[in-house]
Amino acid sequence: MYPRNSDDGVALGLENLCVGYGTKAVLSDLNLTVRNGSIVAFMGPNGTGKTTLLLTIAGMISPLSGSFRLSDPENMGFVLQDPQNQVVGNTVEEDIAFGLENRSFSRNTITRIIDENLERFSISQLRRSDPSTLSAGQLQLLALASACAMSPKLYLLDEPFSMIGRDYEARIVESVKKIRSDGATVIVTASRAFDVMWTDRVIGLKDRRMIFDGSPDEFSAHYEKLFGELCFSPEFFRLLRKC
Ligand SMILES: Nc1ncnc2c1ncn2[C@@H]1O[C@H](COP(=O)(O)OP(=O)(O)OP(=O)(O)O)[C@@H](O)[C@H]1O
Ligand SMILES: [Mg+2]
């Protein structure tokens, strides 16, 4: 088992990790070190096990075998694949305040943190809105703002682009890069290769294994060989945008 809370610049380490349900392995033999302050993407087709891996890292399900290490397990923010499932407030600002109220901050501090995060994710105009009236993109921004308000060191973002339009993609990329420039580490998942081109490092998942670990450019160059298709590839997306 990895030691915990060591300060060696490693935010997350996986060692021979096998994740799944009951006796069924979904992903096996995962070995990986994620450095502090990086944005790492897990990319794989639907059903590869991306959510299962994040749930394991978040401590919500147990590994089947092997181990993982987090530098700061108490300091993690998880944004679920469907952000609708994590709305807890009756208004946008209540939703952001929710976790803060358990931290015995003063009212002024809570208001300041809410203001900062509304602004950071460009949703100040939605402050008093009922979350059930928000679009998928706005909900995704709210989920990120609520996570960010807690200042976690590690973010787990499960497919933040899966439910939103292109207009919101750039805003989320920009916001996540800001989070990283504040010193956080970000793990993000995606089922489409063109959703990972903005990250620092891509881990490709297929057939229950890690099949690639490299830069987005390398990933793009190897994509067709690795996944045997052009659809959802960076090249496909580039051609699409030219149309
Ligand atoms: N609670 C569960 N119990 C048993 N099997 C499950 C459970 N949740 C998911 N699975 C199975 O585990 C496998 C991986 O699912 P998972 O949701 O982790 O994949 P994913 O890569 O996140 O897919 P997607 O891109 O659709 O979100 C799938 O075969 C799925 O059917
Ligand atoms: Mg998933």
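Data overview
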| item | result |
| --- | --- |
| Per-region count, region 21-52, residues over 22 Å from Glu218 (Cα atoms), near ligand 1 (Cβ under 7 Å from one of its atoms) and in contact with a strand residue (DSSP E or B) (Cβ under 8 Å, 6 or more places away or on another chain) | 4 |
| Gly66 more than 13 Å from ligand 2 (Cβ to nearest atom), outside any strand (DSSP E or B) and of a type outside the set (Phe, Trp, Tyr) | no |
| Breaking point among (1) open to solvent by 50 Å² or more (accessible area, probe 1.4 Å); (2) touching a residue at least 40 places away in the same chain (Cβ under 8 Å); (3) within 16 Å of ligand 1 (Cβ to nearest atom), for Ile211 | (2) |
| Subset of region 129-150 (residues that are part of a loop (DSSP other than H, G, I, E, B) and without any contact (Cβ under 8 Å) to a residue 40 or more places away in the chain) | Ser129, Ser135 |
| Enumeration of residues in region 95-128 that are touching a Ser or Thr at 6+ places or on another chain (Cβ under 7 Å), part of a loop (DSSP other than H, G, I, E, B) and under 17 Å from Lys178 (Cα atoms) | Phe121 |
| Members of region 138-158 found to be more than 16 Å from Ile96 (Cβ to Cβ) and surrounded by 21 or more Cβ atoms within 10 Å (Cβ to Cβ), listed by number | Leu154, Leu156, Leu157, Asp158 |
| Criterion violated by Ala58 - all others in (1) surrounded by fewer than 14 Cβ atoms within 10 Å (Cβ to Cβ); (2) within 30 Å of Leu30 (Cβ to Cβ) satisfied | (1) |
| Count - residues of region 152-168 that are more than 16 Å from ligand 1 (Cβ to nearest atom) and of a type outside the set (Ser, Thr, Tyr) | 6 |
| Meets criteria (outside the structural domain of Met163 (by TED's automatic domain parsing), under 20 Å from Gly49 (Cα atoms), open to solvent by less than 60 Å² (accessible area, probe 1.4 Å) and aliphatic (A, V, I, L, M)) for Leu118 | no |
| Hits in region 5-50 - residues which are free of Cβ contacts under 8 Å to residues at least 24 places away in the same chain and among the basic types (Lys, Arg) | Lys24 |
| Hits in region 143-168 (condition: within 12 Å of ligand 2 (Cβ to nearest atom) and charged (D, E, K, R)) | Asp158, Glu159 |
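The values are calculated or read from the model by the stated rules, or taken from the named source; none is laboratory data. Worth saying up front: this structure is predicted, and the values here are computed from it rather than measured. Neighbour counts run over all protein chains shown; Cβ positions are idealised from the backbone, glycine included. Each accessible area value is taken on the protein alone, full model and side chains, heavy atoms only, with ligands, DNA and RNA left out. Shrake-Rupley method; radii C 1.70, N 1.55, O 1.52, S 1.80 Å.
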